Amino acid sequence: MTTTDTPTEIITPPGEPVIHIRRFFKAPPELVFRAITEPEYLRRWYGPRHLEITVCEADLRVGGTWRLVHRAPDGTEFAFHGEFLELEPPRKRVGTWSWDGAPDAVATETMLCEPVEGGTMVVSTMVHNTVEARDMHVANGMEAGIIDSHGRLDELLVAEQAT
Amino acid sequence: MTGNELDRAFGALSDPTRRAILARLAEGDAGVMDVAAPFPMSQPAITKHLNVLEEAGLISRHRQARQRLCHLEPVRLKQLSDWVGSYREFWEESFERLDELLEELQGTKETSTRNTTGGTT
């Protein structure tokens with residue numbers, strides 16, 4: 001397993017229905033874009049290791065849809081789907097995002113792959129229609145994460161949130 | 001923490017006055033008068049904010065002598081930071097896997113150009 005010291009920046013501003021994520025990758029935008037967009041790549045990394053991806057499919061064109069299902073070891077499934085609104089490889093992808101558990105809460109995600117020295121900066125901005133929907137989205141990530149060991153959490157909190 | 005509690009807690013935090021009140025209480029318990037002092041608003045207005053914070057579980061109030069003191073409840077704040085922390089964990093682990101995948105893909109495609117990865121292509 002590779003160890004990286006590349007920090008993931010996650011910002012959830014209070015009162016705004018937005019999530020910002022930024023992360024550097026040591027690969028050119030062309031490759032990063034494919035790895036985060038094409039299902040055959042996506043299913044190899046998206047989500048924690050203990051979650052199995054049972055469905056990962058995408059119709060890669062504007063107006064095309066995608067669908068992804070995670071299954072936890074206890075059988076719980078988390079299913080997500082959306083539609084591509086803009087596909088401009090290797091720089092920009094815009095699409096909708098919903099969790100099947102709350103299909104009315106549709107978020108819009110803009111993903112940018114910016115070339116930087118030595119690699120790519122991926123910048124994702126997810127805009128939900130309400131703050132509550134945003135919070136629920138984060139809470140779902142929490143559920144998925146919480147099934148796994150909770151051991152590193154406190155270290156992470158100390159390291160990443162002491163700003 | 002239920003979705004409802006989360007909503008209330010984040011709703012409570014979405015106001016600058018209430019965040020300032022929490023910052024004040026982080027220094028120690030205080031009565032309503034003391035809490036209200038720095039703000040250009042009436043005491044009933046401050047009391048409303050305190051009610052919101054109390055309903056969200058971010059503060060509690062108790063009597064001491066003739067005063068009602070407000071007390072910061074750090075557990076709730078910890079839960080909120082855990083909430084973001086676990087989401088972070090989801091992404092940290094995903095991105096580590098993506099690092100591995102990218103390394104693997106570049107290894108097979110370009111037969112290891114580790115020193116000068118990136119560049120123009």
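Please compute, over every Cα-Cα pair in segment B:34-76, the percentage with a separation greater than 11 angstrom.
So the pairs more than 11 Å apart make up 67 percent of the total in segment B:34-76.
For chain B, what is one quarter of the convex hull surface built on the Cα atoms, given in nm²?
The directionally averaged projection comes out at 12.1 nm².
Once the Cα atoms of helix B:74-110 and of chain B are each reduced to a long axis, what angle between those two axes, in degrees from 0 to 90 to the nearest 10, is obtained?
10
Under 13 Å between alpha carbons, and skipping anything fewer than 8 positions from residue A:26 in its own chain: which aspartates and glutamates qualify?
Straight-line reach from residue A:26, under 13 Å: A:5, A:114, A:117, B:96, B:99, B:100, B:103, B:104.
Given C-alpha coordinates of segment A:1-75, what is the ratio Rg to Rh with the Kirkwood estimate of Rh?
1.00
Could you line up A:100, A:135, B:15, B:82 from fewest to most neighbouring Cβ atoms inside 10 Å?
So the ranking, lowest neighbour count to highest, is A:100, B:15, B:82, A:135.
Within 10 Å, count the other beta carbons around each residue, average over each peptide in A:121-134, B:84-97, B:28-41, and list them highest first.
Final packing ranking: B:84-97, A:121-134, B:28-41.
With no solvent and one point per C-alpha, what does the Debye sum give as log10 I(q)/I(0) for segment A:1-130 at q = 0.09, 0.19 Å⁻¹?
-0.27, -1.27
Would you tell me the mean number of C-beta atoms belonging to other protein chains that fall within 10 Å of each C-beta in A:47-53, as a whole number?
3
Could you work out [θ]222 nm for chain B from helices alone, using -39500 (n - 2.57) per DSSP H run of at least four and dividing by all its residues? Round to the nearest 500 deg cm²/dmol.
-20500 deg cm²/dmol
Tilt of helix B:3-13 relative to the longest C-alpha principal axis of chain B, in degrees (0 to 90, nearest 10)?
Result, in degrees: 70.
For all pairs of alpha-carbon atoms in segment A:59-114, what percent lies in each bin of width 5 Å, listed from the first bin to the last filled one?
Reading upward from the zero bin: 5, 19, 23, 21, 15, 11, 5, 1.
The numbers here are math on the coordinates, done by the rules we state, and not lab data. Computed from a predicted structure; not experimentally measured. Glycine gets a Cβ as well: all are built from the backbone with ideal geometry, and neighbour counts include every protein chain shown.
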